[in-house]
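Here is the structure we will look at, set down as structure tokens.
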Amino acid sequence: MKQSAHFSFGEESEIKDLGGGLKRQMLGFNEELMAVKIWFDKGAEGYVHAHRHSQVSYVVEGEFHVNVGGVIKVLTAGDSFFIPPFVEHGAVCPTGGILIDTFSPPREDFLEVAE
């Protein structure tokens, strides 16, 4: 697996429209770790899913109703959540907002789309 450049400049990095009011920008990765920035339009939903990766997400702005393993909490700027491997999770953003998601190991499916 390749790795990202040592420096990433927001205005120069591609922002991928994922549809459904979601956009993603790769922040950096190697074979052990990945960080991405996700924009949610008002009312957008990250549907409930699970994957083999550990995940930590940080709320940059907005309000998120986050479901981790069937437990739903309301999170706002400065809050974060952890998702162990294979645990179902998702989020709804009634206000519009931004998350920073980190994954270990990296999400291979994000890299395939980016190439």
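Label-to-label distance, Val87 versus Leu18, with points set 7 angstrom from Cα along the beta-carbon direction: 1.9 nm.
Shape of the chain from the C-alpha gyration tensor: oblate (a/c of 1.5 or more and a/b not above b/c, with a ≥ b ≥ c the square roots of its eigenvalues).
Residues Thr102, Thr76, arranged from fewest to most other Cβ atoms within 10 angstrom of their Cβ, appear as Thr76, Thr102.
Provide the FRET efficiency to the nearest 0.05 for the Thr95-Glu11 pair, computing r from the beta carbons and using R0 = 22 Å. The partial results should precede the final answer.
On the way: r = 25 Å, r/R0 = 1.12.
It comes to 0.35.
The loop-placed trypsin sites (Lys or Arg not before Pro) in the range 14-115, going by DSSP, that have at most 15 neighbouring Cβ atoms within 10 Å of their Cβ come out as Lys42, Arg52. Placing unit charges on the Cβ atoms of the charged side chains and taking the dipole of the range 1-108 about its Cα centre, the candidate lying farthest along the positive direction among Tyr47, Gln25, Thr102 is Tyr47. Based on Cα contacts under 8 Å between residues 6+ apart, the chain shows a relative contact order of 29 percent.
The distance linking the range 67-112 with the range 1-66 is 9 Å (Cα centroid to Cα centroid, whole angstrom). By a straight-distance test (C-alpha under 27 Å), which lysines pair with Lys42 as possible cross-link partners, with residues fewer than eight away in the same chain excluded? Counting by Cα, and skipping residues close in sequence, Lys42 has these lysines nearby: Lys16, Lys23, Lys73.
Since every read-out is calculated from the coordinates, none of them should be taken as a lab result. None of the values given here were measured: they were computed from a predicted structure. Cβ sites come from the backbone with ideal geometry, for glycine too, and all protein chains shown count toward neighbours.
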